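> Please read through the structure below; I'll follow up with questions.
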Amino acid sequence: MKLDRRGFLVASSAALALAESKLSAAEKGQPPEASRPLSIEGREVAVYTTADNTEHRLSATDTLVFKQVGQPLETQICVFVDPARRFQTILGVGGALTDAAAETFAKLPKTKQQEILNAYFDVKNGIGYTLARTNIHSCDFSSSSYTYVSEGDKELQSFSVNHDKQFRIPFIKQAQAAAGGKLNIFASPWSPPAFMKDNNNMLHGGKLKREFYQSWANYFTKFIKAYQEEGVPIWGLTIQNEPMATQTWESCIYSAEEERDFLKNYLGPTMKRAGLGDKKIIVWDHNRDLIYQRAGTILSDPKAARYVWGIGFHWYEPWSGGEPMFDNVKLVHESFPDKNLIFTEGCSDSFNAQRLKDWKLGELYGRSMINDFNGGAVGWTDWNILLDETGGPNHVKNFCFAPVHADTKTGELIYTNSYFYIGHFSKFVRPGAKRIACSSSRSQLLSVAFINADGKVSVVVMNRSDKKISYYLWLEGQAVEVSSLPHSIQTLVF
């Protein structure tokens with residue numbers, strides 16, 4: 001699919017010149033904020049649609065006008081929106097700039113590289129990512145395992161990010177430029193160097209040895225400063241990717257108490273001494289299943305909690321055969337309202353090229369994003385933004401799906417429907433937006449709503465059913481009637 005087939009994105013850009021604002025500590029910890037009612041008299045609603053078995057991909061499909069309807073009947077399906085009730089402030093939406101993404105990008109012709117940059121980071125011609133994650137030395141989505149120091153160098157005298165200068169740093173800098181210089185990047189380690197661990201291996205779990213706690217904390221500060229010197233400012237970091245998972249790739253285990261103590265006694269103070277106290281530290285960075293236990297253990301300690309900006313989470317808890325545990329995110333938000341919640345990774349694994357057009361890929365994203373934002377998340381970060389025709393490169397063959405795949409042999413770019421589902425949020429819900437009250441009268445329709453800094457409201461409605469559903473977008477006695485196609489997602493902007 002060529003980017004010019006989505007020329008509709010240009011036409012919608014006039015409504016998207018939205019101001020950005022920073023998160024306010026006062027806003028995060030408050031109950032729903034009451035504001036003056038939003039006047040909608042004379043407002044038109046622009047409808048953007050992505051739907052299965054159609055050509056609609058973030059397409060402008062309708063323009064509607066509010067009319068007086070009063071009290072809705074039980075038989076009238078509605079999505080109710082109340083902009084007067086406001087919740088968390090949105091940081092942004094984005095994806096991961098990994099070694100795999102950078103190496104795949106480097107294999108593409110210049111025209112295709114520019115297409116990728118526009119598709120992800122340009123809000124007018126693409127979906128306007130403003131948030132990004134990257135890895136601290138290697139992860140599974142690297143072509144090999146590597147670190148930034150020589151084996152055994154506890155003092156880190158050999159520390160160098162030269163490895164990343166070939167592919168990853170140039171790629172990140174181009175992404176920054178495409179995003180207009182406004183890209184909040186957070187970094188995550190998958191494992192300390194082998195000599196710092198009790199299993200003497202970067203792979204297969206293991207733990208950080210106590211005698212290397214300070215050396216590992218210093219490693220974080222050296223990484224941040226080295227990237228800064230390369231023109232890549234790091235906004236924040238997570239302490240450990242998936243700290244309860246022993247993986248065949250780079251991994252490291254921390255109990256909640258171990259993560260707490262490493263943060264309060266080593267990482268937090270070390271960052272502060274290094275002049276990096278403004279960097280956002282994110283704990284957990286793992287699935288929704290254990291999120292409350294991890295948050296409770298760390299945040300109940302005031303000395304540790306003072307260093308915590310937020311709690312990161314992934315979506316892989318259904319590995320055990322169950323359902324996504326969205327209520328756990330909401331409980332953490334209700335229990336610790338002064339801390340931020342941020343989705344830090346999600347993808348569909350077990351890559352199979354025959355499934356590139358599988359509609360379930362996009363619906364996985366839509367369901368998660370709606371529930372996670374309704375649960376209190378301020379940001380949402382996908383995993384690799386770009387992978388090759390094999391779902392890699394990945395040095396342990398843990399091949400996965402990405403929203404966009406590149407055939408590095410032909411240069412073709414393949415946009416899965418996940419790209420468009422994410423775009424229904426990232427394009428129309430800009431940094432500084434606030435989530436507002438939104439409720440659907442039928443379980444077939446999932447919904448969430450936001451008001452942007454410029455006063456524009458964006459309502460995202462997802463229809464997971466096999467049936468076409470007509471519903472009313474209802475606000476203060478006025479409504480527009482909307483047609484929702486089977487297996488579709490819509491953003492309504494007014």
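> Please tell me if V308 is assigned to a loop (DSSP other than H, G, I, E, B) and open to solvent by less than 20 Å² (accessible area, probe 1.4 Å).
Yes, satisfied.
> Among the numbered criteria (1) of a type outside the set (S, T, Y); (2) out of contact with any Ser or Thr (no Cβ under 9 Å at 6 or more places or on another chain); (3) open to solvent by 10 Å² or more (accessible area, probe 1.4 Å); (4) touching a residue at least 40 places away in the same chain (Cβ under 8 Å), which one does L413 miss?
Of everything listed in (1) of a type outside the set (S, T, Y); (2) out of contact with any Ser or Thr (no Cβ under 9 Å at 6 or more places or on another chain); (3) open to solvent by 10 Å² or more (accessible area, probe 1.4 Å); (4) touching a residue at least 40 places away in the same chain (Cβ under 8 Å), L413 misses just condition (3).
> Give the residue, chosen from R430, R442, R464, that is closer than 17 Å to S368 by Cα, in contact (Cβ under 8 Å) with a residue 40 or more places away in the chain and among the basic types (K, R).
R464 is the lone residue from the list that is closer than 17 Å to S368 by Cα, in contact (Cβ under 8 Å) with a residue 40 or more places away in the chain and among the basic types (K, R).
> Further, regarding this structure: Condition first: crowded, with 24+ Cβ neighbours inside 10 Å and of a type in the set (V, I, T). Now tell me which residues in the range 87-127 satisfy that.
Those that are crowded, with 24+ Cβ neighbours inside 10 Å and of a type in the set (V, I, T): I90, V93, T98, T104, I116, I127.
> Return a yes/no flag: does the range 145-155 have any residue that is open to solvent by 30 Å² or more (accessible area, probe 1.4 Å), basic (K, R) and closer than 22 Å to E259 by Cα.
Yes, the range 145-155 has at least one match.
> Looking at the range 270-294, I want the residues that are within 30 Å of E323 (Cβ to Cβ) and have a partner that is part of a loop (DSSP other than H, G, I, E, B) and open to solvent by 60 Å² or more (accessible area, probe 1.4 Å) with Cβ atoms under 6 Å, at least 6 apart or on another chain. Which pairs are those?
Within 6 Å, the pairs are H286/M244; R288/M325; D289/M325.
> Between residues in the range 477-494 that are at positive phi and residues that are surrounded by fewer than 23 Cβ atoms within 10 Å (Cβ to Cβ) and not in a strand (DSSP E or B), which pairs lie under 6 Å by C-beta distance while being six or more apart or on different chains?
Hits for this filter: G477/G70; H487/D52; H487/W359.
> Additional query: Which of the following residues is under 18 Å from G70 (Cα atoms), open to solvent by 20 Å² or more (accessible area, probe 1.4 Å) and part of a strand (DSSP E or B): S483, S439?
Just one listed residue meets the conditions, S439.
> Could you list all residues from the range 271-305 that are outside any strand (DSSP E or B) and open to solvent by less than 10 Å² (accessible area, probe 1.4 Å)?
Hits for the range 271-305 are M271, R288, I291, R294, A295, I298, A304.
> Here is a further query. Considering every residue within the range 339-350, establish whether at least one is within 17 Å of the chain's Cα centre (by Cα) and open to solvent by 50 Å² or more (accessible area, probe 1.4 Å).
Yes, there is a match, as at least one residue in the range 339-350 is within 17 Å of the chain's Cα centre (by Cα) and open to solvent by 50 Å² or more (accessible area, probe 1.4 Å).
> If you don't mind, there's one more thing I want to ask. Of everything in the range 211-243 that's part of a helix (DSSP H, G or I) and under 17 Å from W284 (Cα atoms), which residue is nearest to the chain's Cα centre (by Cα)?
For the range 211-243, the residue satisfying everything is F220.
The values are calculated or read from the model by the stated rules, or taken from the named source; none is laboratory data. Quick caveat, the model's predicted, so the values are computed rather than measured. Don't worry about glycine lacking a Cβ; one is built from the backbone with ideal geometry, like all the others, and counts go over all protein chains shown. To get the accessible areas, we keep the full protein, side chains included, count just its heavy atoms, and leave off ligands, DNA and RNA. Shrake-Rupley method; radii C 1.70, N 1.55, O 1.52, S 1.80 Å.
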